[in-house]
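The values are calculated or read from the model by the stated rules, or taken from the named source; none is laboratory data. The structure displayed is predicted, hence computed values, not measured ones. Positions of Cβ are generated from backbone atoms using ideal geometry, with glycine treated the same way; all protein chains shown enter the neighbour counts.
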Amino acid sequence: MTRETYRWREEPDIIARFVHDKELPKNTPIVLRPNEVCVVLENGRISGIVTQQVMRANPTTSMLRRVFGGKRQRSYLFAFLGPYTFTMPFTSKSSDHQTLRGEASLRVHASRENIARLIQLPAKGIMEIRTSDISNLLIDEAQAYMSKTIQRFTNDELVQDQADENTTIGLCMALRRTIESFGMTIDHSYITWKPSDKVRLEAEREHVTNMAEHASIQAERDQITIDAQLGTQQRRADYSARSQMIGKSALERAKREPELAQLRAQGQVDEAAWENKHRNQSHEGEMLRNKAKSKAEVMEILRGKELSLRERKQNHDVSLAIALFEVVQEKKRMRN
């Protein structure tokens, strides 16, 4: 492919482009890619359809010109056979007065034999045909069909698969004739529903509830964080106050250390005097106890001696009495 190669399709949404002969340089190479065709028109009539190959635009000589003579005016309709998608938004009200919005999408393709029907659009002045151009031509029919269909169902019924499938099939049937007039065939279609006012309100209400719960949870988290921070600050304050008190106590103790040393020394002297006094008192008491004990022992000894003397005296008196009695008896016997 050379640098002068003509490329008719540069954007993916372009379906076809209509080009006059004079708009192309002579002998410009034109490469047709897969699914691309070129409809050649001569003097307003279709002379042929070219598929994937390298063709030459506006050749300087041709067999027809040599045979029939004269000058022929050529035009080219370059087209892409697809597939491509047409989207058509719609709005209507359901039987329960819910506003429903959505978008209908058609997946279509064109055939080589029927693509020339697109000539009707360049005839109306549309030289470059895009998917949006076809969608704009179909949107009124799609809106009319969807409005008539949606009015027969409620919002909840349209959510069901059966109703959605019937609506999709009906849309294809309603647009088939118009699509075929452009040389195209519908492959399949689908409808994308947007949330209705009711569903949207429920979603918003649920969102508000979730936001409230989230705010409550966040408030609890913030409260826990604040409590933790306050606890940390309280512990720091307690530690700081305790440190200050310890520092003040140490400073105060350092200031009163001389007095405490003096009082301690005085206390030690008083304690020694008290111990000496206590020791003396204990010694005196011990001496008194010993003295009393000695006195008691002496008294016991004296009492023992006194008893001994008394016993000896009593024994002497008895012996004397007995001796006297015996003397008296002896005298009695002698008198007798």
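Based on what the data block shows, is Phe153 modelled with pLDDT under 85, touching a helix residue (DSSP H, G or I) at 6+ places or on another chain (Cβ under 9 Å) and outside any helix (DSSP H, G or I)? First the steps, then the outcome.
Numbers: modelled with pLDDT under 85: yes; touching a helix residue (DSSP H, G or I) at 6+ places or on another chain (Cβ under 9 Å): yes; outside any helix (DSSP H, G or I): yes.
The answer is yes for Phe153.
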- Note on the structure: Considering region 93-122, residues that are buried (at least 18 other Cβ atoms within 10 Å of the Cβ) and either part of a strand (DSSP E or B) or acidic (Asp, Glu) (or both), and then whichever is modelled with the lowest pLDDT, we arrive at Leu100
- Message: Every residue in region 65-89 that is at pLDDT below 90 and either in contact with a Gly (Cβ under 6 Å, 6 or more places away or on another chain) or among the β-branched types (Val, Ile, Thr) (or both), please.
- Response: Val67
- Item | Conditions (1) out of contact with any strand residue (DSSP E or B) (no Cβ under 9 Å at 6 or more places or on another chain); (2) part of a helix (DSSP H, G or I); (3) surrounded by 13 or more Cβ atoms within 10 Å (Cβ to Cβ): number failed by Tyr145 | (1)
- Task: Just name the residue that is modelled with the lowest pLDDT out of those in region 8-59 that are assigned to a strand (DSSP E or B) and among the basic types (Lys, Arg).
- Result: Arg56
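Just to be sure before I move on: is Ala174 outside any strand (DSSP E or B) and more than 27 Å from Arg17 (Cβ to Cβ) in the structure I sent?
Values: outside any strand (DSSP E or B): yes; more than 27 Å from Arg17 (Cβ to Cβ): yes.
Yes, satisfied.
For the condition modelled with pLDDT under 75, in a helix (DSSP H, G or I) and among the small types (Gly, Ala, Ser), what is the one hit in Ala272, Ala212, Ala237, Ala228?
Working: Ala212 fails: modelled with pLDDT under 75; Ala237 fails: modelled with pLDDT under 75; Ala228 fails: modelled with pLDDT under 75.
Every option except Ala272 fails the conditions.
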